[in-house]
Amino acid sequence: MDGRVLRIGVLGAARIAPVALVKPARRTERVAVTTVAARDRPRAEEFARKQGIPRVLGSYAELVADPEIDAVYNPLPNGLHGYWTIAALEAGKHVLCEKPFTANADEARAVVAACNANPGVVVMEAFHYQYHPFAKRLVEITRSGELGNIERIDVAFSAPLWKRGDIRYQLALAGGATMDMGCYPVSLLRLLAPGPRVIRAEAKLSSPGVDRAMDAHFSLPDGGSAHIGCSMFSSSVLRLHADVIGDDGRISVFNPFSPQHGHRMKVTTSLGSRKERFSRRPTYDFQLDAFVAAVEEGASFPTTAVDAIRTMELIDAIYNAAGLPMRQPTPVP
């Protein structure tokens, strides 16, 4: 590592990279995004020019092996997450990997095996919302007993993504609404009520095997029930909410996944109701702070590779219940 600066290389010129990493890195002196690699070198060069990244490499393999970077940011299509995360870990690089972590739970287990075989490296799944005080408070209230016994949880994330040919709609790249949008509600449901089990799921398809929308229903360990909804293209154009209902109160939440862009948390119990407000600092900034602390100080963090296995198991179970194929890794030549 170059002094106290964590040098990060970016795999691909993904649209998420500027907001998720490049801009947050500019707001701290502890991180420098130094390198980008893409299969289309001119595209990588244009991305580097726009984002102020000084170095461009010609392949993902060259980047993960580069001795001049300490960590890799992996925002590649879902089906490539596992392969290149493992490659980076085996090269001794720390990894911040976009969600969903892998194509399926078996591949997540392979990443954990790579972590265990390369001690000292950090791999974090980029569920950025979990690092924001908003999400931490939502979990705290739910688990505190203030709402009584939890009877029902409903989480939804729908937003329009209907660009023809988008990678999110490609089965060969492990696409689908449950992978792209749905991984957020699945993750949050697990935070609020660990151990949910899928009862049934219904999908709407954009093409054979690829869900453009999904509704999944769950039983909870303590006897309650839950539902998640997600879509990239459906009649539900925009849904961003979480509702937690107990026998002594409820929380109604708007926008738990990017609260910096506006949020609402209303808590209602037999004692009355209140609204709580939180920092507008971006979730991605909190996440990057946590990543650096894990690398430099060995600090613990919630979105570990082991935790990702549980999330991917639930996603696999949703696809199975909906009668759809489990997503598979994209073959790498």
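Just so you know, all these numbers are worked out from the coordinates, no wet-lab data involved. As the structure is a computational prediction, the values presented were derived from the model and not from experiment. Note that we place each Cβ from the backbone using ideal geometry, even for glycine, and neighbour counts take in every protein chain shown.
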Checklist line | Label point distance in nm, Ala117-Asp40, each placed 7 Å from Cα along Cα→Cβ | finding: 3.3
Item checked: Value of relative contact order over the stretch 133-278, rounded to a whole percent, pairs C-alpha under 8 Å and six or more apart -> 29
Check: Distance from the Cα centre of the stretch 151-215 to that of the stretch 27-78, in angstrom?
Finding: 29
Margin query: To make sure I understand the rule: partners must be aspartates and glutamates, Cα under 18 Å from the Cα of Lys266, and not fewer than 8 residues away in the same chain. Which ones qualify?
Written below: Glu140, Glu146, Glu151, Asp154, Asp243, Asp247, Asp248, Glu276
Next item on the list: Could you run the Karplus curve 6.51 cos²θ - 1.76 cosθ + 1.60 with θ = phi - 60° over the stretch 250-256 and give me ³J(HN,Hα) per residue in whole Hz, x for Gly and Pro?
Entry: 8, 10, 10, 10, 10, 6, x
Item checked: Estimated dipole of the chain in Debye, rounded to 20 [Cβ of Lys and Arg +1, of Asp and Glu -1, Cα centre] -> 1080
Next item on the list: Just the number, please: percent antiparallel of the DSSP beta bridges in the chain, rounded to the nearest 5.
Entry: 60
Next item on the list: Give me the distance in nm between label points sitting 7 Å out from Cα along the Cα-to-Cβ direction at Arg197 and Ala299, one decimal.
Entry: 3.8
Check: Arranged from highest to lowest average of other beta-carbon atoms within 10 Å per residue, in what order do the peptides 218-231, 49-62 appear?
Finding: 218-231, 49-62
Notebook entry, point to check: Which value, in nm² and rounded to one decimal, describes the direction-averaged projected area of the C-alpha convex hull of the stretch 252-298?
Noted result: 4.4
Check: Once you sort the root eigenvalues of the Cα gyration tensor of the stretch 237-279 as a ≥ b ≥ c, which label holds: rounded (a/c under 1.5), prolate (a/b larger than b/c) or oblate (the other case)?
Finding: oblate
Next item on the list: Could you grab the relative contact order for the stretch 198-305? Cα pairs under 8 Å, six or more apart, rounded to a whole percent.
Entry: 12
Check: Once phi is turned into ³J(HN,Hα) by the Karplus curve 6.51 cos²θ - 1.76 cosθ + 1.60 with θ = phi - 60°, what whole-Hz value does each residue of the stretch 150-161 show in order, with x for glycine and proline?
Finding: 6, 9, 7, 10, 10, 10, 9, 8, 10, 8, x, 9
Check: For the chain, what is Rg from Cα atoms divided by 2.2 N^0.38 Å, rounded to two decimals?
Finding: 0.98
Next item on the list: Any lysines with Cα under 18 Å of the Lys163 Cα? List them, leaving off those in the same chain fewer than 8 positions away.
Entry: Lys204
Note to self: Can you order the peptides 123-135, 265-277 by their average number of other Cβ atoms within 10 Å per residue, highest first?
What the structure shows: 123-135, 265-277
Note to self: Which of rounded, prolate or oblate describes the stretch 186-333 when judged by the alpha-carbon gyration tensor and an a/c cut-off of 1.5?
What the structure shows: oblate
Margin query: Can you compute log10 of I(q)/I(0) for the stretch 112-193 with the Debye formula, treating each Cα as one identical point scatterer, at q = 0.15, 0.27 Å⁻¹?
Written below: -0.79, -1.25
Item checked: Over the chain, relative contact order from alpha-carbon pairs under 8 Å, at least 6 apart, % -> 19
Checklist line | Kirkwood Rh and Cα Rg combined as Rg/Rh, the stretch 192-269 | finding: 1.02
Checklist line | Subset of Lys23/Lys50; Lys50/Lys99; Lys99/Lys136 violating a 21 Å alpha-carbon distance limit | finding: Lys50/Lys99
Margin query: I want the antiparallel fraction of DSSP beta bridges within the stretch 133-278, as a percent rounded to 5.
Written below: 85
Next item on the list: With springs only between Cα atoms under 10 Å apart, run a GNM on the chain and tell me which of Gly82, Gly323, Gly175 wobbles the most.
Entry: Gly323
Checklist line | Environment charge of Lys275, counting only residues whose C-beta is closer than 9 Å and scoring Lys/Arg +1, Asp/Glu -1 | finding: +3
Checklist line | Rounded if a/c under 1.5, otherwise prolate or oblate - the stretch 87-233, Cα gyration tensor axes | finding: oblate
